[in-house]
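The values are calculated or read from the model by the stated rules, or taken from the named source; none is laboratory data. Predicted model only: the values in this text are computed from it and were never measured. As a convention, Cβ positions derive from the backbone with ideal geometry for all residues, glycine included, and neighbour counts pool all protein chains shown.
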Amino acid sequence: MSAKKEKKRDFSKYTGVLSSLIAIISGIIIALIVLMTTHPDKGFAAFTTLITGGFGMGGIKNLGSLFYFATPILCTGVAMCLAFQAGIFNIGGPGQYSVGALAAILTSLYFSKDFPAPFTWIVPLIVATLAGALWALVPGILKAYFNVNVVIGTIMFNYIEMYYMMHWINDYCYDAMKGQTRAIPAQCKLPQWFMPALTQNKTSDIGILIAILVAILIWIVMEKTQLGYELKACGKNAEASRYAGIKSKRNIMISILLSGALCGLGGGLTHLSVSGTYITMKEALAAEGFNGIAVCCLANNSPLGAIFGALFMAFLTVGGNYMQIFGFQREIVSVITSVIIYFAAFSLFLKQALERTANKKKTEVNKVTGEELK
């Protein structure tokens, strides 16, 4: 009987979900306060639109927008989950994402005519994935073989990418009339299949399906394979892993290359989408790379949890697009999103605090159980 009671009282496995819920609810409450303080008359109506994802105004058609915004941050979120579990703090998501996006665009513009269908979109997507991995290669080598701080290495490569990106765009794919990259050929865009009928949005494509499939595959690798076990072991205790015979340098390279590849895939999926996304000539890091970190925090480093985290972040983005109707400036959406990200960053700390509390209660139950047995 006592063993059953102990099992019922063991809440430690739920701490991750609970911490994420606390972070989300806290962020939403702050969002309400910001809206009510900024515009008291219409603040609550705007808040209602925000938390319903705009579905009350745009209807089912917003489902297509939801999937569009969720696709890139799901890829970068899963990338961060993989890297963080392996103990590699890959902050280079923006650079890896943008390099993947540009690689997909250039491949589509210059080589698509040589590909038979359906390789017209598959090959650019593969090239984008490889480009993201390649951009993570140097920071990975510096970390694995020279013990250079991976955070510094990846951040520096973000800025190298940002300035080189403008040079590459200007030389190879710039549309001076529109101030952005040239449009890719229609045959290079992602297929749509049944997505327009599902979302009632003619620009919907299979990008979200590919991102979800990748998230499931990464979860299987991390949870069900020897490689995943070794990556997580190195992330938890690199010294003990080396003592046990696990090759830490190899695992560092594998984790950061896979993480970069996933970020590059996100860039490719976005810029090969039917929606027609372009890169503009401006000095700015891709927000999708940083938002992937927030998704990772909400998911507590779980690739499967990242699916729900990405959909939640996209849900807020879709709802935020209607804020101007209520008299709010466009920047208020960025403020609200930043608040959510800020609280998401604390979800891991909340998880640790909840786990300590749960373990303390578990210890107390074990003491009581031991006394009963005596």
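Among Ile29, Ile88, Ile24, which is over 26 Å from Gln180 (Cα atoms), within 25 Å of the chain's Cα centre (by Cα) and modelled with pLDDT under 85?
Ile24
Would you confirm, using the coordinates I've provided, whether Ala306 is crowded, with 17+ Cβ neighbours inside 10 Å, in a helix (DSSP H, G or I), in contact (Cβ under 8 Å) with a residue 40 or more places away in the chain and small (Gly, Ala, Ser)?
Here the answer is yes, as Ala306 does meet what is asked.
For the range 266-283, give me each residue that is in contact with a Lys or Arg (Cβ under 8 Å, 6 or more places away or on another chain) and crowded, with 24+ Cβ neighbours inside 10 Å.
Leu272
Please go through the range 211-249 and give me each residue that is touching a residue at least 24 places away in the same chain (Cβ under 8 Å) and either in contact with a strand residue (DSSP E or B) (Cβ under 9 Å, 6 or more places away or on another chain) or basic (Lys, Arg) (or both), ordered by number.
Once the filter is applied, which keeps residues that are touching a residue at least 24 places away in the same chain (Cβ under 8 Å) and either in contact with a strand residue (DSSP E or B) (Cβ under 9 Å, 6 or more places away or on another chain) or basic (Lys, Arg) (or both), the range 211-249 yields Lys232, Lys236, Lys249.
Please pick out the residue among Gly53, Gly27, Gly16 that is outside any helix (DSSP H, G or I), surrounded by 17 or more Cβ atoms within 10 Å (Cβ to Cβ) and touching a residue at least 40 places away in the same chain (Cβ under 8 Å).
Gly53
Output the residues belonging to the range 84-110 that are hydroxyl-bearing (Ser, Thr, Tyr) and surrounded by fewer than 21 Cβ atoms within 10 Å (Cβ to Cβ).
Tyr110
What is the residue count in the range 146-178 for residues that are acidic (Asp, Glu) and either surrounded by fewer than 15 Cβ atoms within 10 Å (Cβ to Cβ) or more than 18 Å from Tyr97 (Cα to Cα) (or both)?
The qualifying residues number 2.
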